[in-house]
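Here the structure is laid out as structure tokens; the discussion comes afterwards.
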Amino acid sequence: MDALYTKLKDAKEGCHSLLKKYLSQDVYDNLKDKKTGLGGTLLDCIRSGCENLDSHCGVYACDPEGYTVFDKLLDPVIKDYHQVKEINHPDPNFGDLKNLGFGNLDPSGEMIISTRVRVGRSHAGYLFCPSVTAEQRKEMEEKTIKALKKLKGDLGGKYYSLEKMTKEEETQLVEDHFLFKNDDRMLGSAGGYRDWPSGRGIFHNSDKTFLVWLNEEDHLRFISMQKGGDLAQVYSRLVTAMNEMQDSGLEFATKKGYGFLTFCPTNLGTAMRASVHIKIPKLSQQPDFKDFCEKLHLQPRGIHGENTESVGGVYDISNKRRLGLTEFEAITEMKNGIMEIIKREKEL
Ligand SMILES: Nc1ncnc2c1ncn2[C@@H]1O[C@H](COP(=O)(O)OP(=O)(O)OP(=O)(O)O)[C@@H](O)[C@H]1O
Ligand SMILES: NC(=[NH2+])NCCC[C@H](N)C(=O)O
């Protein structure tokens, strides 16, 4: 670990990660011999950011308790990413579904191709990617399948194990933006693809508007998505599903003031990312495009996921902050930002 830390410390050009910013020699010395009750180490938290100097965040939590044991590093990273002065995340509040104050963000259907809202969740008491075992992943898979079987009506569906899927089925699901893949070098170096594809899979309803990812970056990702810009419908479906999951017997990892615990500190709190795939050929060419998004607390991505390129002026634009505000505030921040994006594109 000392050699990795030296590599990070010596890095200059091209290394702007939050890990580099906050892992001072003092913090390093203070944390280097600590361990969580489950055996999680500082190395588990920092390996990816040291091996990938172009990381943005560069830190992961070894396990839920990592957020306490390694708080001297993780707390400043969390405050910086989510732009909060204190870590004091509110209780969940998804708002009043009958009175959300938004509907379809693009009724003409000219700009928004599709809308997606996801939340991450971790099973309480389990390790995260760097050290979870294949047996534990299988155990979590079984528990999750049992819980998902209780979903009824439009949310009900089937589980597809990655181990049993054909290569063609897998490729098609990835192409259609439904399924994850194993090509994120930052997640890979954090241990995200150990024992691949064992214990991984996807649950979805027949329309593929409600999906659950098992044992990708987080133990669980719950996703609602559909074509077009009807954010109210997509969000309401996710909230309904999450309400049903409360009675499903699954116990999610949380920490007071931090909300729902996830592997990456950028996802903590609501663990919610609400995105649209939107055509913005003019705005995306403006020199201030990134700053414009940043000011609206939005994050632009390419359309095949994080760290991919845009295709034909279509971008994935989502809320950047997930901690320090309620789910309803986060979705409203995203909605307001997307309305500004649409307005500016139309003016150009
Ligand atoms: N609005 C959207 N419409 C259709 N597909 C989407 C939309 N937003 C994201 N996707 C697809 O979801 C998949 C996952 O994307 P990505 O990994 O960037 O985000 P994520 O699942 O929210 O996780 P993370 O933020 O941890 O990377 C990709 O295939 C991406 O194209
Ligand atoms: N999928 C995520 N957790 N994305 C956030 C950042 C991921 C990566 N470790 C980085 O620092 O750039």
Conditions first: (1) surrounded by fewer than 20 Cβ atoms within 10 Å (Cβ to Cβ); (2) within 16 Å of ligand 2 (Cβ to nearest atom). P130 passes all but one, so which condition is the exception?
(1)
Exactly one of (1) surrounded by fewer than 21 Cβ atoms within 10 Å (Cβ to Cβ); (2) in contact (Cβ under 8 Å) with a residue 12 or more places away in the chain; (3) under 19 Å from the mean Cα position of the chain (by Cα) is unmet by Y193. Its number?
(2)
For region 204-215: of the residues being in contact with a helix residue (DSSP H, G or I) (Cβ under 8 Å, 6 or more places away or on another chain) and crowded, with 21+ Cβ neighbours inside 10 Å, which is farthest from R118 (Cα to Cα)?
N215
Only one of C57, C45, C50 is surrounded by 15 or more Cβ atoms within 10 Å (Cβ to Cβ), in a loop (DSSP other than H, G, I, E, B) and within 15 Å of ligand 2 (Cβ to nearest atom), namely C57
Examine region 15-23 for a residue that is more than 23 Å from Q299 (Cβ to Cβ) and not in a loop (DSSP other than H, G, I, E, B), and state whether such a residue exists.
no
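Listed here are the residues, each with its yes/no results for (1) surrounded by fewer than 24 Cβ atoms within 10 Å (Cβ to Cβ); (2) within 16 Å of ligand 2 (Cβ to nearest atom).
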| site | (1), (2) |
| --- | --- |
| D288 | yes, no |
| K295 | yes, no |
| T308 | yes, yes |
| R322 | no, yes |
| E333 | yes, no |
Read through the list (1) free of Cβ contacts under 8 Å to residues at least 40 places away in the same chain; (2) within 30 Å of G228 (Cα to Cα); (3) of a type in the set (S, T, N, Q); (4) surrounded by 14 or more Cβ atoms within 10 Å (Cβ to Cβ), then give the number of the only condition that T36 fails.
(2)
Among (1) more than 22 Å from K343 (Cβ to Cβ); (2) at pLDDT 95 or above; (3) in a helix (DSSP H, G or I), where does R273 come up short?
(3)
Close pairs from region 45-67: first in the same structural domain as K20 (by TED's automatic domain parsing) and at positive phi, partner near ligand 2 (Cβ under 7 Å from one of its atoms) and modelled with pLDDT of 95 or more, Cβ under 6 Å, at least 6 apart
G58/S17; G58/G49
Does at least one position in region 106-129 carry a residue that is at positive phi and more than 16 Å from ligand 1 (Cβ to nearest atom)?
yes
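The values are calculated or read from the model by the stated rules, or taken from the named source; none is laboratory data. Here the structure is a predicted model, which is why all the values come from computation and not from measurement. FYI the Cβ positions are ideal-geometry reconstructions off the backbone, even for glycines, and counts take in every protein chain you see.
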